[in-house]
Amino acid sequence: MINIIEIKQKMTQGKTEPWLCLGDDNNEYVVKRLNATFKGCLYEWIAANLGQRYGLAIPDCALVYVDESLVEYDIDLLVGLGSGVAFASRLQPDLQEVNVNLLRRADKQILTDLFMFDNWIQNGDRTLTEAGGNPNLYFNLASNNLVVFDHNLAFEQDFNIEEHKKLHVSSFLFRGQTDMFEPMFEKQMYVDKFTNALDGLDAIIATIPDEWLQEIPDALGEIDRIRVVLGAYNHDDFWRALQ
């Protein structure tokens, strides 16, 4: 496990108020723990690892250890981060949060993949319309590629597919002249992508820190619920809802 050796600053973006930290591997990480909640960290860990297997450009994530000596004299750090195992995402330089104009330059296949992934993991926290939103999606200004962040609100129990179709950052792709949702998905391709990603789920779950599980009420029941969510693509209702 990577040890955090320096906490540099609080990040200005992100409702979970993550911290920019330096690991003992000499890499910088965006680190979340208490402010994101342990359940949120669990969602981040599962979704980020699944997303990489699925094929999305998600920064490498890691479990890192924050020693008590780094936070004990700072109330903000004690309350917002705390000591123990945390979720960390390797810092990506040269990023700009997407806007509507930037999206129209983006690779349409990647945006479609992202829409389907967020639908699969029931993540309603990636929204953008002309009126604004919270895209949790960035452009790498050096490579001009999309970079995907933030899954601490995935696996929503009240996920609404109709809202997803209206508000998701990629939803403009599926709107015809009548403003009706016009699906453009190759079902078998996404079945294959989901299945490939899901093959790694047991290994991902096996690495979830015990201290997170101990702080989550009925953690094993929550993991079972996540398995049900992720298996929904095997049923017709999953695909019918996209029509």
Determine which member of the set Leu146, Leu137, Leu167 is surrounded by 11 or more Cβ atoms within 10 Å (Cβ to Cβ) and closer than 22 Å to Tyr233 by Cα.
Leu167
When you go through Ser83, Ser89 one by one, which is the residue that is of a type in the set (Ser, Thr, Tyr) and open to solvent by 20 Å² or more (accessible area, probe 1.4 Å)?
Ser83
Is it the case that region 216-228 has a residue that's closer than 19 Å to Gln157 by Cβ, touching a residue at least 12 places away in the same chain (Cβ under 8 Å), open to solvent by 80 Å² or more (accessible area, probe 1.4 Å) and of a type in the set (D, E, K, R)?
yes
Of the residues in region 44-68, how many are in contact (Cβ under 8 Å) with a residue 12 or more places away in the chain, part of a helix (DSSP H, G or I) and either on the phi > 0 side of the Ramachandran plot or open to solvent by 20 Å² or more (accessible area, probe 1.4 Å) (or both)?
4
Report, by residue number, each residue of region 189-236 that is in contact with a Phe, Trp or Tyr (Cβ under 6 Å, 6 or more places away or on another chain) and either assigned to a helix (DSSP H, G or I) or among the acidic types (Asp, Glu) (or both).
Lys193, Phe194, Ala197, Trp212, Glu215, Ile226, Val229, Ala232, Tyr233
Can we say Glu211 is open to solvent by less than 60 Å² (accessible area, probe 1.4 Å) and assigned by the TED database to the domain that holds His168?
yes
When you go through (1) outside the structural domain of Asp192 (by the TED database); (2) touching a residue at least 40 places away in the same chain (Cβ under 8 Å); (3) within 28 Å of Thr195 (Cα to Cα) one by one for Lys108, which number turns out not to apply?
(1)
The condition of being out of contact with any helix residue (DSSP H, G or I) (no Cβ under 7 Å at 6 or more places or on another chain), under 21 Å from Asn140 (Cβ atoms) and part of a strand (DSSP E or B) holds, among Ala88, Ala106, only for Ala88
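The values are calculated or read from the model by the stated rules, or taken from the named source; none is laboratory data. From a predicted model like this one, the values you see are computed outputs, not experimental measurements. Cβ atoms come from the backbone with ideal geometry, glycine included; neighbour counts cover every protein chain shown. All accessible areas refer to the heavy atoms of the entire protein, side chains included, with ligands and DNA or RNA removed. Shrake-Rupley method; radii C 1.70, N 1.55, O 1.52, S 1.80 Å.
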